[in-house]
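As structure tokens, the structure follows; a few thoughts come after it.
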Amino acid sequence: MRDVNGGDIDFRQYRTEAEAHEYIEDLGRVAPSDAEKFLQVGVSTQANERAGTFIQMDRSVVHCRTGQEGLEIMGINQALARHPWLAGYLWRHISPDGDAITAHAKAAPAEGYFIRARAGVKVAHPVQSCLYIARDGFAQNVHNVVIVEEGAEMHIITGCATAPHLTTGLHIGVSEFYVRKGGRLTFTMIHDWGEKINVRPRSVTMVEEGGVLVSNYISLRPLGSLQMFPTTHLAGRGAVGRFNSILVASRGSRLDVGARILLEAPDTRAEIISRAITYGGDIIARGDLVGRVAGIKAHLECKGLILNDGLMRAIPELTGHVPGVEMSHEAAVGRIDRREIEYLMARGLDEETAVSTIVRGFLNVEIEGLPPPLRARLDQAIAETQKDMM
Amino acid sequence: MLTIEELTVEIGGKPILKNINMEIPPGETHILFGPNGSGKSTLMMTLMGFSGYDVTHGRILFKGEDITGLPIHERARMGMGVAFQRPPTINGLKTGQLVKVCAGQRPVAVEELARQINCTQFLERDVNHHLSGGEIKRSELLQLLAQDPDLVLLDEPESGVDLENIVLLGDTINRLLHRGVKFPAGKTHREMLQARPKSALVITHTGHILDYITADRGQVLYNGHLCCSRNAREILKWIGEYGYEECFRCAM
């Protein structure tokens, strides 16, 4: 099994210093090659499509804007200076001693974002954030805090990418999210890292009574390695957690991705759905549901396809601590069923088109709250990735 | 339309169909009777070109062309269409999308077609996902209506369908074969018959479908041999009276 504690990362390879990037007031002035990369991970430079924007390059906050009353977006250092109470929210649920990754993030921090929707504020458009590595060999260790106050609603689209032609890099994202009573957070993360980039997010979300967390994760493009296993505590009655992930691993890419949801209060609901395709890469798709009280419901679905070759490992886990929990899982790993291909061929599709139709359907997980232009771009990205798979 | 000559088929090295000869002229509907395991579905899958059905002898001619070695999609594009008994589920692909696929380049009013055969409720559902027996039949026929094939292969169209729905099913099949009286679209009977002739091979175990569709001929497949070819209703009467044992005695 791969080292999930960061023991496989040689931190000496990476720099923790990077030159500062200039602040960009007008997003229209972003270099076209960078803007193109932003778009690929769902970050639009058209301000009117978003309620707010946060962009960090290496360790510099290069753009930060909010377009709605009651919505705060800023770099974590600025936020710590403005809100003394915020210090208590950092490293609250994630310990720096947790593993080598968190220890490194604590030792060499490099900004991160603070996003807060104040009580009762329904943020109309998605908020976007982009974490971008421009410097070769840089270790981008961000610490993010998101707070959705009581009754507030917000969708964050966060895109992570690197400058074209970057050869090495490390991204560590320590994220602590708080969804207060009756709040709703949709968090969509789209990754387009380079082929040699190692990525190690560490995330914990606390969801209070009646709160909802919907987390979508999409990684279609080649990367070096990714290992993450975010934890969500459904701590209040009726809290809901839903995780969807779409993973594609090409040759040389290693993805170890999962989610752990702890159902700690009555009437909580959790769902983890993962769709993974490997065509030469390694994928471990994990899911861990823990039912601690009676009256909870949880379901886990891990489906993996191996096209040509590659490794696919599904590890679904269910743990019930008391009677009266209702938990189920469904896991399947294999190749495309020949019967499905031939069924479509009998309707007139040639074999290649039949296979790509099935693959597109397989990856077509309903992702809640995705703005239509982003959905269209995602479909396009899937279609382009498919060309490489065939 | 379809000519089968001395067709011998094996599955995994085991002979299933033995020296089958059959002719379905343009515009004719033939019924293929046979007990379970006689090779009916194997014949259908072989005609469509599915993998695992190895033709070791003989050939299949469609519209005068030898299609024995053609891939499935080319047969479909030439005008062969099949309604499956147990089609696979395709996750993430909506039934409505597949209906458009079936129509190929032709425009198709998916909603309208679906409304006519009571299918609108699952257009937005994944193909064959959690459909009842009757819904699967309707979904298959909806796809065939969009595909508009010249030779229709139907595998046990009446199985798993309740009495209420079987009438609609029969009407839909008749419409597909240009033999219906419910969808004449202002045309006379003669004009309808003069339109592009449609042929069909309908597999049935029980023969119940004959109460709802008209057939020109019946054939009996028994233990991989085509052992009888005559009026379909007459065959059904004999099977009704004596079971398939009579076919066995005949074939001896």
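The values are calculated or read from the model by the stated rules, or taken from the named source; none is laboratory data. Not measured: the values here are computed from a predicted model. Positions of Cβ are backbone-derived with ideal geometry, glycine not excepted, and every protein chain shown enters the neighbour counts. The protein model used for the area step is the full one, side chains on, heavy atoms only, and it has no ligands, DNA or RNA in it. Shrake-Rupley method; radii C 1.70, N 1.55, O 1.52, S 1.80 Å.
Key figures
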quantity: Relative intensity, log₁₀ I(q)/I(0), of the protein assembly as shown from a Debye sum that treats every alpha carbon as a point, q = 0.05 Å⁻¹; calculated: -0.32
quantity: Contact order normalised by residue count of chain A, Cα under 8 Å, 6+ apart, percent; calculated: 10
quantity: Cα centroid separation, the range A:68-111 to the range A:326-340 (Å); calculated: 40
quantity: Residue with peak Gaussian network fluctuation, chain A [Cα springs, cutoff 10 Å], from A:Ala331, A:Ala285, A:Ala270; calculated: A:Ala331
quantity: 3J(HN,Hα) from dihedral phi, the range B:74-79, Karplus parametrisation 6.51/-1.76/1.60, rounded to Hz, x for glycine, proline; calculated: 6, 5, 4, 5, 6, x
quantity: The range B:95-252, relative contact order in percent, only Cα pairs under 8 angstrom and at least six apart counted; calculated: 18
quantity: Distance violations [Cα-Cα > 27 Å] among B:Lys94/B:Lys137; A:Lys106/A:Lys297; A:Lys387/B:Lys14; A:Lys37/A:Lys387; A:Lys303/B:Lys40; calculated: A:Lys106/A:Lys297; A:Lys387/B:Lys14; A:Lys303/B:Lys40
quantity: Chains A and B, summed buried accessible surface - 1.4 Å probe, Å², nearest 100; calculated: 1900
quantity: Rg/Rh (Cα only; Kirkwood hydrodynamic radius) as it applies to the range A:62-121; calculated: 1.03
quantity: Compactness of the range A:18-96 as Cα Rg over 2.2 N^0.38 Å, two decimals; calculated: 1.26
quantity: Delta accessible area of at least 50 Å² on complex formation, residues of the range B:93-117, 1.4 Å probe, chain isolated as reference; calculated: B:Val101
quantity: Given chain B, longest segment not containing exposed loop trypsin sites (Lys or Arg not before Pro) (DSSP; at most 13 other Cβ within 10 Å); calculated: B:1-181
quantity: For chain B, the spread of Cα positions along each principal axis, largest first, Å; calculated: 52, 37, 36
quantity: Accessible area (Å², per residue) of the range A:93-181, counting only protein heavy atoms and a probe of 1.4 Å; calculated: 28
quantity: Descending semi-axes in Å of the range A:57-161, equivalent ellipsoid built from Cα gyration tensor; calculated: 24, 17, 12
quantity: Gap separating the Cα centres of the range A:251-318 and the range A:368-390, nearest whole Å; calculated: 22
quantity: 15 Å Cα-Cα reach of B:Lys18 towards aspartates and glutamates, excluding residues that sit fewer than 8 places from it in its own chain; calculated: B:Glu5, B:Glu6, B:Glu10, B:Asp54
quantity: Cα centroid of the range A:173-245 to Cα centroid of the range A:14-30, whole Å; calculated: 26
quantity: Average projection area in nm² (convex hull over Cα atoms of the range B:30-160, one quarter of hull surface); calculated: 8.8
quantity: Calculated P(r) of the range A:11-336 - Cα pairs past 37 Å, %; calculated: 13
quantity: Dipole magnitude of chain A about its Cα centre (Cβ charges: Lys, Arg +1; Asp, Glu -1), debye to nearest 20; calculated: 400
quantity: The range A:1-34 residues near the modelled A:His165 label - backbone nitrogen below 13 Å, point 7 Å along Cα→Cβ; calculated: A:33-34
quantity: Using a Förster distance of 56 Å, the FRET efficiency for B:Asp211-A:His321 (Cβ separation, nearest 0.05); calculated: 0.40
